[in-house]
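As structure tokens, the structure follows; a few thoughts come after it.
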Amino acid sequence: MKEAWEKLMKRYEDLRNKHPKDAWRFVSQLLEGFRPQFRELYRQSKRAQRKIKQGKEIDPDQAWRNFKGRAFERLILHMIKTEAESVGLKCATGDEVISKSDDPILGSIYRQIMVRYGCYAVMPDVDLVIFRADNHRVIGVVSCKVTLRERIAQTAYWKLKLMTDPTTHHIKVFFVTPDEDGDLVKRLPDPSQVVSARGFKNRILVEHELDGTYVLREIEPSEKVKTFDHFLDDLRKLLRRCARE
């Protein structure tokens, strides 16, 4: 819904004006606060009104869940795009790469991240693709999810597939999340102690399988799991390493 997205972006810009350095900390509150307005916008939308006239039920909550996931992805792109371009990087959504694969640049991006299965090739389920502005070489892909749940295992799967192919092994796989379920808040237990890993499954996966996870809330950080404000710094470091290769 275009109108809903525009209203959400207005709220985000107001938030960023109020908290210019750490607006990322309030993204979950921003989304939850927008939920009542979205539900009303959905009820008034042409799609919902058409369903009502046809005698069908509408489900504002399901519509909200769908919108929230896509809105979070677009917010992250909005938050990193300008600063990424300032350091020589560009970003595209996974949907853009697929839908515009006949474009010379995006077509190259599309071919670079394909995962091969024998004579078949498919594009990984990624939300954002990050590539160099000078030579259009892909350096990383990003999954943007509000909660981890099954998503982190899917992202870890694509990391393994990219890593095992010589043509894609250099592509880093990142995960960005507000972690609304709190799966990443605590660090892993000290391995020298006899403790249960119960409750740490998702933190274990991101620590061991992905190249970096960036969380839009306060957490106990590690080398692989950090707050979102470290994301661009790590991309700068990655770009410098790529330039030396």
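On the basis of being modelled with pLDDT under 95 and under 30 Å from R16 (Cβ atoms), does A121 make the cut?
When the stated conditions are applied, A121 does not pass them.
Restricted to the stretch 69-100, and to residues that are over 14 Å from the mean Cα position of the chain (by Cα) and under 26 Å from T147 (Cβ atoms), which residue is surrounded by the fewest Cβ atoms within 10 Å (Cβ to Cβ)?
Residue satisfying both the conditions and the ranking: I98.
How many of the residues in the stretch 46-71 are in contact with a helix residue (DSSP H, G or I) (Cβ under 7 Å, 6 or more places away or on another chain) and modelled with pLDDT of 90 or more?
6
Would you point out which residue out of E180, E220, E207 is surrounded by 15 or more Cβ atoms within 10 Å (Cβ to Cβ) and in contact (Cβ under 8 Å) with a residue 24 or more places away in the chain?
E180
Got at least one residue in the stretch 38-51 being more than 25 Å from R11 (Cβ to Cβ) and assigned to a helix (DSSP H, G or I)?
Yes, the stretch 38-51 has at least one match.
So which residues in the stretch 40-62 are closer than 13 Å to E3 by Cβ and either of a type in the set (D, E, K, R) or free of Cβ contacts under 8 Å to residues at least 40 places away in the same chain (or both)?
Across the stretch 40-62, the qualifying residues are E40, R43, Q44, K46, R47, A48.
Can you confirm whether R35 is outside any loop (DSSP other than H, G, I, E, B), more than 29 Å from V141 (Cα to Cα) and out of contact with any Ser or Thr (no Cβ under 8 Å at 6 or more places or on another chain)?
When the stated conditions are applied, R35 does not pass them.
When you go through V142, V126 one by one, which is the residue that is part of a loop (DSSP other than H, G, I, E, B) and within 28 Å of G88 (Cβ to Cβ)?
Step by step, each of V142, V126 is checked, and only V126 is part of a loop (DSSP other than H, G, I, E, B) and within 28 Å of G88 (Cβ to Cβ).
Only one of these conditions is not met by W64: (1) within 26 Å of L148 (Cβ to Cβ); (2) touching a Lys or Arg at 6+ places or on another chain (Cβ under 9 Å); (3) assigned to a loop (DSSP other than H, G, I, E, B). Which number is it?
Tallying (1) within 26 Å of L148 (Cβ to Cβ); (2) touching a Lys or Arg at 6+ places or on another chain (Cβ under 9 Å); (3) assigned to a loop (DSSP other than H, G, I, E, B), W64 fails exactly one: (3).
If you go through the stretch 158-180 one residue at a time, do you hit one that is over 25 Å from R240 (Cβ atoms), aliphatic (A, V, I, L, M) and assigned to a loop (DSSP other than H, G, I, E, B)?
no
The values are calculated or read from the model by the stated rules, or taken from the named source; none is laboratory data. Remember, predicted model here, so these are calculated numbers, not experimental data. Methodologically, a virtual Cβ is constructed for each residue, glycine included, from the backbone with ideal geometry; neighbour enumeration extends over all protein chains shown.
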